[in-house]
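Trainee: Attaching a single structure in structure tokens format; questions to follow.
The values are calculated or read from the model by the stated rules, or taken from the named source; none is laboratory data. Fair warning: this is a prediction, and the values are worked out from it, not measured in the lab. So basically every Cβ, Gly included, is an ideal-geometry build from the backbone, and we count neighbours across all protein chains shown.
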């Protein structure tokens, strides 16, 4: 685990650099290419504000910051539902600056009628997670197994639904048939659904962060590879840069205005090195 990099003097025109984590920084086995780590360090040293914008909870995002030696002012987690702010006096070095919640009861009950064998997880504002049987492939630290009924009627920042019985294309059709409303959602590489409060995404959180940092919209860049990055790309490409990783699905690459090499060829490093 590396130490956090000291903050550089602000560049004459620093960029706000928003990076997705899984598939952009981290390989599937959680490794980070040395070229990517070096490019992140170099971008920070040049004065850019490099941060993470991820669907991950804060509990699994914080360790990625530490591995990279990053200490940005703000970090976007839970697909925009939680924004953390740096606070050196806090035990974890960060506190919650903004939290969006919703009542997941109706959407959970609707999804279960379509996916009776689905597996569910609900994350609450303090980061604790409640999950049903079968979520064994997920990080279950700071979590508790409960019945489906015990997931209901509690304020949530995020809901995850997994359907191991379905291939991705079939799952996409099922989600379309569900007619989900009053929530924002994205679909992962495999048959899993990530649900956030209505109107909340990485983009909405990053726009708030951009305002807090007073960075012009033409100096933002977003890099990602997943369907939950599409709104972030739309936000960034309005005046800045939106870059899709080479292995991203077709609709994700179409939403970006640039495509870099895939994660196996350290595509993120080339993007970061292109900044002044």
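Trainee: Looking at 10, 39, 97, 78 in this structure, which one is under 22 Å from residue 211 (Cβ atoms) and either at pLDDT 95 or above or assigned by TED's automatic domain parsing to the domain that holds residue 156 (or both)?
Mentor: When all the criteria are applied, what remains is 97.
Trainee: Right, here's the next one. Which count do you get for residues in the range 107-126 that are touching a strand residue (DSSP E or B) at 6+ places or on another chain (Cβ under 9 Å) and either assigned to a helix (DSSP H, G or I) or assigned by TED's automatic domain parsing to the domain that holds residue 204 (or both)?
Mentor: 4
Trainee: Then there is this: Checking residue 214 against (1) surrounded by fewer than 21 Cβ atoms within 10 Å (Cβ to Cβ); (2) touching a strand residue (DSSP E or B) at 6+ places or on another chain (Cβ under 8 Å): exactly one of these is not met. Which one?
Mentor: Going through (1) surrounded by fewer than 21 Cβ atoms within 10 Å (Cβ to Cβ); (2) touching a strand residue (DSSP E or B) at 6+ places or on another chain (Cβ under 8 Å) one by one, residue 214 breaks only (2).
Trainee: Of the residues 239, 261, 254, which single one is in a helix (DSSP H, G or I), free of Cβ contacts under 8 Å to residues at least 24 places away in the same chain and farther than 14 Å from residue 20 by Cα?
Mentor: The conditions single out 254.
Trainee: Any idea which of 205, 156, 191, 143 is at pLDDT below 85 and either crowded, with 19+ Cβ neighbours inside 10 Å or not assigned by TED's automatic domain parsing to the domain that holds residue 237 (or both)?
Mentor: The unique qualifying residue is 191.
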